[in-house]
Amino acid sequence: MDRITQWVSSQEVVPADLTVRIADSVFPLHKAVMVPKCGYIRRAVAAAASQPQGPGAGAVELDLSALPGGADAFEKAARYCYGGSLEIMARDAAALRCAAAFLDAPDLARRAEDFLAQAALRSLPGAVAVLRSCECDALLPAADELDVARRAADAVALGVCNEALFPTARSGAGAPGWWAAELAALSPATFRRVLTALRCRRAGPEVVAAAAVAYTELVLAGILAPAAAPGPGRRDVAVVRADVEQRALLEAVVDALPPAADAPLPAAFLCRLLHAAVTAEASAKTCRDMELRVAGVLDQATAADLLGVALDGAGERVRNDDTVRRVVAAFVERQPQTQEGRRASLAGAGDSDGGVALEKVAKMVDEVAAEMATEESLPISKFVGVAGAVPKDARPSHDFLYRAVDIYLKTHPGLDEIEREKVCSVMDPLRLSYQARLHASQNKRLPLHAVLSALYYDQLKLRSADGGGAEGGWETQSAAGKARAQARADSSLARENEALRSELARMRAYVSGMQQHSKGSGSRPSSSLVPAAAGKKASFLGSVSWTLSRLNPFKGGWAKDTASIADGRDRSAMRVVKPKRRRFSIG
């Protein structure tokens, strides 16, 4: 009512003959003042005059609820038309400019445009204020049509570039500082306009990344805040609250982040953001987008960054193990190398960046798996899923993976033999170092297959060392000596495998004949046949026992494929019978 009464003329002035309504606000005005300066009102009054005259002829009432900027912008425009002082501020300059265009008031439009060009858009805080005022749904279409929003975003981008490259005294020692706080006042959709303007200005990736990280850190400060460490006598930790408003804000910020090609964001920052998205139960699209972003820079992350993704909001228990597995799997899928290419790279034949990155990630995954193994409630399938997400041949040594397996077995002492074999299936005992194999051979927590595999590998080396007799002898042999010794070992094992297969075939035939004879006669065999059969069986068992003592007793995942040991010669003509694989399953 105070605003309306200010427009009522005194007794010496002609009564108002023009009424303007904007929502709940009513402005009594005079046609003689408004018509000459506002083309829109002039046309509206002329249209009303052409209508048939009724009661109250001469008075015109207009509804300007569609005016950009609303009642506040119209009040400033009307005061200017009446000759009052016009005070323009950065936060209402865009609305006044759009209102002047709507009212077709050239003088007012010129005044607002001069203020934008000479004052508001000359500084970063002023440009942010103008851009923020354009976020209103009622004002944004008009601001876009008059190019006010784009010019404001470009002015903000220019200010960010200047502060990032040539920081002023307010920016401190190179940190984003005050200008980051200015950006935090923008909505995610408006901040995306700033990022677009930065790319249009060809700003460096480091500038775009710095702006995105600084904005996200401030806007999502309550969500990204790490859990507080419990002090003495205090058991509480800060847990992220995943309410609807925070979740919507987080999804909007993630959607506004620049593409990785334009600005590679730090791996630690992306891991924190992924953890926040999972903890806040963001949409599947947001979580998947963050998983792919983390996978793209996983080789730049640390084990602590990846472990932070796996923990819950309080940072105490392993909860997001499936997220870690998907991130690692996505990183492995991005690697262009095939399995043979990775083997060649690890062997030194190729020195590609992909092989080095994959090896680094494999070591990091082993460290994370070792930390996750201490979780007593972690199922075997979850542990195997994370530890096995990286191919076995991506690791030149399985010592770190063996440590993770040993920690899991120690944390879960109640596992049976089959379950322990399932845990150990992620590693290859034949890729352990000499010290690790020595430890594994004495480790009572490992299943029997793993212990015997480690022992067999050392025995195979001793047999193939051609008189070296020790680990050092094997390593000091020449390449030709190793090749000859390995070829002899492979040939010997192939012959022994073939002999064992023949013995087993004869035994099966003998047992089958005995069963058929027993079914046909319907009675037990005569006593005269028993000594001969017993003698033949004893002879067979002795042969099999002697053969098994010289062969690799392992099958499946623990078997040593001696044909894979390179000797520099063509083995295509050699008959090598590989052991049959055994499949383990958890009942």
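The values are calculated or read from the model by the stated rules, or taken from the named source; none is laboratory data. Keep in mind that what you see is a predicted model, and the values were worked out from it rather than measured. Here the Cβ is made from the backbone with ideal geometry for all residues, glycine too, and neighbour counts use every protein chain on show. Heavy atoms of the whole protein, side chains included, go into the accessibility calculation; ligands, DNA and RNA do not. Shrake-Rupley method; radii C 1.70, N 1.55, O 1.52, S 1.80 Å.
A residue that is of a type in the set (K, R), in a helix (DSSP H, G or I), at pLDDT 90 or above and surrounded by 14 or more Cβ atoms within 10 Å (Cβ to Cβ) occurs nowhere in region 2-25. Kindly establish whether A78 is touching a strand residue (DSSP E or B) at 6+ places or on another chain (Cβ under 9 Å) and either open to solvent by less than 10 Å² (accessible area, probe 1.4 Å) or touching a residue at least 40 places away in the same chain (Cβ under 8 Å) (or both). When the stated conditions are applied, A78 passes them. In the set (1) in a helix (DSSP H, G or I); (2) open to solvent by 60 Å² or more (accessible area, probe 1.4 Å), S65 fails one condition alone, (1). Determine whether K410 is more than 30 Å from G296 (Cβ to Cβ), over 27 Å from the mean Cα position of the chain (by Cα) and not in a helix (DSSP H, G or I). The answer is no for K410. The selection criterion, being open to solvent by 80 Å² or more (accessible area, probe 1.4 Å) and at pLDDT 85 or above, does not hold for E251.
Within the set R97, R132, the sole residue that is surrounded by fewer than 20 Cβ atoms within 10 Å (Cβ to Cβ), in contact (Cβ under 8 Å) with a residue 24 or more places away in the chain, assigned to a helix (DSSP H, G or I) and in the same structural domain as M34 (by the TED database) turns out to be R132.
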